[in-house]
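Encoded as structure tokens, the structure appears first; notes follow it.
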Amino acid sequence: MSHELEQLRDTALGEISAAPDEQSLEAARVGYLGKSGSISVWGERMRGLSKEEKPIVGKLLNEARTAVAAAIEQRAAEFRASAETAALANIDITLPGQPAEIGGLHPLTQMLDRAISIFRRMGFALAEGPDVDTEWYCFDALNTAPDHPARNEQDTFYLPDGRLLRTHTSTVQIRTMMSAPPPIRVIAPGAAYRRDEVDATHSAQFHQIEGLYVDEKVSVADLKGTIEFFLRELLGQQTEIRFRPHYFPFTEPSFEFDVRSKAIKGGKWLELAGCGMVHPAVFEEVNRARGDDAYDPEKYTGFAFGLGMDRLAMLLFDIPDIRYFAQNDLRFLRQFA
Amino acid sequence: MKFSVNWLREFVDLPATTEALADLLTFAGVEIEGVEERGGNFDNVVVAQIRESVQHPNADRLSVCQVDDGSGTNRQIVCGAKNYKVGDKVPLAVPGAALPNGLKIKASKLRGVESQGMLCSPSELKVSEDSDGLLILGADAPIGAPFASLYQPDTILDVEITPNRPDLLSYFGLARETAALTSKSVKPVNVDANAAATGDGVTIRALRECPFYSARRIENVTVGPSPSWLRTKLEASGIRAINNIVDITNYVMLEVGQPLHAFDADKLDGAIDVRLATPGEKFLALDGKTYQLSERDLMIADQARAVAIGGVMGGEDTGVTNSTRNVLLEAAYFLPSSIRRTARTLNLPSDASYRFERGVDPGMTLRASARAAELIQQIAGGTPAAEISVAGAPLERPTDVSLRYERCNQLLGVTVGSQQVDSILQQFGLTRSSAGTADASVWSVPSHRRDLQREVDLIEEVVRAYGIDKIAPRHRSRFTPQSDADRAADLQSVLRQRLVALGLFEARTSALISRADASTSARGAVDLKNPLSEDHVALRPSLTAGLLDVLMRNQNMGASSIRLFELGRVFAPPDATERRSLGLLFSGETARAPHWRATAKRQLDFFDLKGAIEALRIPELGFRRAEHPAFALAAEITAAGEVIGLAGQLATERATQLGAAAPVFLAQIDLEPLCQSARSGCRYEEIDKYPAVSRDIAMIVPEALSHVEVEGVLAAANEPLVQSVRLFDLFSGREGSSVGSGKKSLAYTLTYRDKNRTLTGDEVTVVHTRIRERLKSELGAELRE
């Protein structure tokens, strides 16, 4: 008898798993588990069994019923899943996605952000000063004599009141030293202006990052270490850097530095910026204006640098014309988004 | 300054290659900006003399020349140049020549006239950049001689000389520097300068502007073309040959750095009088132009009139010409700042003023005069007078400078031994005095190095020669607290990120604006005193003009959806007060291009702009209606009740003027209050645990009733269970519709919630009914079911 029941269960399971569609599955369900289904009728047959047989057959019957019901549900789930897949089969997933345009930062902003984040990791705080400044901040305090060649209406924009548009961000060196005693460790990103004819590499307004570190025993070695670390962070560890002596009125000794990097096309040495040790005459003038001896040139030394951001962005992003920055063509801006 | 390597080599042994020389100088701070090879293959180029020149029968601009090429028979050449005269010697390229500029010469007919070769310009032979006419050779050039015997191949260095190093503005000076850097010796310029000085013949009435002046008379000179070797050297250095006397003054200037001037002595009236110009004094200079001078300009005069603008340019009347017999040779020291001011005021830069304004070597003045006299004697004949007239006194020797070896090491961050320091300074011509100690030396500075004024200047000399590449980089940092500028930059960075996330692009426009843009600003703009172009005449008072320019550029380039912002400084009139400002501009479609799923297209409007401003999360942000002449629709933007900006739709008249294709929406926000207010920190609030109940209210109200008034009534109801109120539908009524004209329908969803329990429907109904009654009684709203 048990054998008979086991056989019935196996036949049922075979039929269910072979059911080709929902209709055949439903027919099988009715055939086995329906009111007069072949498993259900075993309930009636139980009555005629002996006391000994009843629990054994009853257990088998329950197991068979559960197994068959589970098999039917599993098969039904398979039919539902394939029906859903079939319903979505015609969707063309190669259609364009819903555009969710995010905007973009101007490439100069991106360049500034990259440079600033490196300097901040190196312990520089930000500093700032006005674009419109006085001759004292732009020239006198920076050891630039009244008859210095840079200091004239040919090269510098003046306002009718005698103030000028700063020709370099070095004004912020002075502003920072005027407002706080040493140590000073700042960078000052900002705009500067020169009275240049505008062409592919010259613009009346350009952008610099000025750097100033004044402390005890700051040396050319610190200057070199700072510039080299910054440039390798920006352009890659393989970047070659070289320093050349140069002349600026407000630093002594003064240097220019060149780089050669895989990050920049062409593989040539490129002149990048100027730097140097703060000229003691600058400290002396700051002390005079402060009315104290906070920047004692015997006690403190410092370095300063000025990096041209427009040129750096042009090199790094391979932009051929500085005028593109101010034109703000969306087709240009989108390339850097 | 351009230097011929051939000429430089006459003074000093040079490194084996040009590259090595360029590197040596560049890494010592004398930057070589360019290297140009001159000359090359001169096969089949010979010296020829022009015997005859007639007009070409068929071409106005050509001549037909008969030239003597040394073969005994004349050769016919068609020539387009005009700068020669019959008798001049010029380079002739005969058929078969391949010129350095790539031109291959063959016999040909030009406009029907046979030409058996070509007469060459300097640029065709690559001996200089001069392409204006033929290269006129010296009268001593042998006819028929190979051109290569006159012009050696040469290398021209373009050297950037920084303003602190006027001592390098000569061949001798650069050679002296090269010698110092390579521990070689420089060949001195030997001159016999033993003319006796006399005080007669020169007076100085402007001793500040001219501390020292000398004049040497040379009689019976023969003015004519310079010999080829002299012309070659001048031309290689970029100076055109004029006549032997002028050429010699230029030659000596190039050689030793002292500018000289030669007067025609017979055209001078008595002694030289060095004085300042009288106000408004007029002067006809060598360039043929008349200059008006001020009482600050230094003049060289005779007893009758001015004969030169001191150190800048000689006079037309007293210059050396072919008929000059006697010459007065000026060698002087002028005050650099005075020369610089005059040259700049008159816009008259010259090779002489360039050197004087940087400062010439006072120790070289009389030697240069003697050197020129010697050369004039050799080349133009003539007899220098036994006496030289002088007035004033040469500048005193520069002050001694001391150097502490420890300070040098500390500033450079490397230990340079004191012996090496001494040896470097000695190579540069400094002399250690006995006054020093073992720790600190005292140095006397040569007259040509007036830039060495203090200890740090000497340290720079040390590092130049020692080599900065030998200094190991050091990594040293310092903890720095956040500054106001850090806070402001971070705030701006957050604003930028929010706007970019909304899909806006950042523009950066110039702070300098055009006359036209400046004139559209209601408050005006601060003008520049000395603008360079019409595009940049004033400082922007707002970001609007720049953003509108960007709008138009992009619209003209076909952009259909334009959403931009700019963060930048603006300069408020009248005193150009600087403020950080944020500008926004919206115009065109909401989307760049139609999308396959998109519903109807929509144009950007005021509420797109307002939404972007709201997304900035400015604390206590508000908008209130305002009037503005440039805007058809304007709203003041407020933060905590203070006006911080303006937003609106540009008036159609202005938009049409610009050519805008769609309505233009603009906002400008002053960021200073935001930068100054401390950033409010965010704080956690408990997240709701119990479900909310939503009920809608639809009402018909007069068209003029604003949303904020409805909100005000709801807020004033002060119902603690009302968590939020959201407008979800709005439409205006029309004649005959259910709403009716002059009215509008508003629909709000009210969300009710209690923090501590689930609300029952009845509780909500009680509150909701109270609110409905309030809207009816306070606003006269007609509630819809």
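Here are some notes:
- Only listed residue being in the same structural domain as A:L234 (by TED's automatic domain parsing), closer than 18 Å to A:E210 by Cβ and surrounded by fewer than 23 Cβ atoms within 10 Å (Cβ to Cβ), chosen from A:G308, A:G302, A:G291: A:G308
- Criterion violated by A:E63 - all others in (1) within 14 Å of another protein chain (Cβ to nearest Cβ); (2) surrounded by 12 or more Cβ atoms within 10 Å (Cβ to Cβ); (3) farther than 27 Å from B:V537 by Cα satisfied: (1)
- In the range B:467-496, the residues that are part of a helix (DSSP H, G or I), under 32 Å from the mean Cα position of the chain (by Cα) and not β-branched (V, I, T): B:D469, B:D484, B:A485, B:D486, B:A488, B:A489, B:D490, B:Q492, B:S493, B:R496
- Residue within the range B:575-584 that is within 30 Å of B:V526 (Cβ to Cβ), in contact (Cβ under 8 Å) with a residue 24 or more places away in the chain, in the same structural domain as B:S560 (by the TED database) and more than 42 Å from the chain's Cα centre (by Cα) present: no
- Only one of the numbered conditions (1) at the interface with chain A (Cβ under 9 Å from one of its Cβ atoms); (2) modelled with pLDDT of 95 or more; (3) in contact with a strand residue (DSSP E or B) (Cβ under 7 Å, 6 or more places away or on another chain) is not met by B:S483, and that is (2).
- Sole exception among (1) out of contact with any helix residue (DSSP H, G or I) (no Cβ under 8 Å at 6 or more places or on another chain); (2) farther than 30 Å from A:E228 by Cα for A:G43, by number: (1)
- Complete set of residues in the range B:170-208 that are under 17 Å from B:R449 (Cβ atoms), of a type outside the set (D, E) and part of a helix (DSSP H, G or I): B:F172, B:G173, B:L174, B:A175, B:R176, B:T178, B:A179, B:A180, B:L181
- Within the range A:174-194, one or more residues are of a type in the set (V, I, T), surrounded by 20 or more Cβ atoms within 10 Å (Cβ to Cβ), under 24 Å from the mean Cα position of the chain (by Cα) and facing chain B (nearest Cβ under 8 Å).
- Boolean, B:L452 is touching a Pro at 6+ places or on another chain (Cβ under 9 Å), at pLDDT 95 or above and either more than 9 Å from chain A (Cβ to nearest Cβ) or more than 29 Å from A:N143 (Cα to Cα) (or both): yes
- Residue among A:T144, A:T109, A:T94, A:T167 that is out of contact with any strand residue (DSSP E or B) (no Cβ under 7 Å at 6 or more places or on another chain), among the β-branched types (V, I, T) and buried (at least 16 other Cβ atoms within 10 Å of the Cβ): A:T144
- Residue within the range B:33-52 that is surrounded by 19 or more Cβ atoms within 10 Å (Cβ to Cβ) and among the acidic types (D, E) present: no
- Odd one out for B:A98 among (1) surrounded by fewer than 19 Cβ atoms within 10 Å (Cβ to Cβ); (2) out of contact with any strand residue (DSSP E or B) (no Cβ under 8 Å at 6 or more places or on another chain): (2)
- When A:R151, A:R175 are checked against the criterion of being basic (K, R), farther than 19 Å from A:T226 by Cα and at pLDDT 95 or above, A:R175 stands alone in meeting it.
- When residues of the range B:615-634 are limited to those that are under 42 Å from the mean Cα position of the chain (by Cα) and either outside the structural domain of B:Q492 (by the TED database) or not in a strand (DSSP E or B) (or both), the one surrounded by the fewest Cβ atoms within 10 Å (Cβ to Cβ): B:P629
- Residues that are crowded, with 18+ Cβ neighbours inside 10 Å and either in a helix (DSSP H, G or I) or among the hydroxyl-bearing types (S, T, Y) (or both) within the range B:501-513 comprise B:T509, B:S510, listed in sequence order.
- Residue match in the range B:111-133 (condition: aliphatic (A, V, I, L, M), more than 21 Å from B:S226 (Cβ to Cβ) and outside any loop (DSSP other than H, G, I, E, B)): yes
- Subset of the range B:569-611 (residues that are surrounded by 15 or more Cβ atoms within 10 Å (Cβ to Cβ), among the hydrophobic types (A, V, I, L, M, F, W, C) and assigned to a loop (DSSP other than H, G, I, E, B)): B:A576, B:A591, B:L604
- Pick from the range A:112-141, criterion part of a helix (DSSP H, G or I), within 24 Å of B:D484 (Cα to Cα) and touching a strand residue (DSSP E or B) at 6+ places or on another chain (Cβ under 9 Å), ranking: farthest from the other protein chains (Cβ to nearest Cβ): A:C138
The values are calculated or read from the model by the stated rules, or taken from the named source; none is laboratory data. Source: prediction; values computed, not measured. Here Cβ is always computed from backbone atoms with ideal geometry, including for glycine, and neighbour counts include all displayed protein chains.
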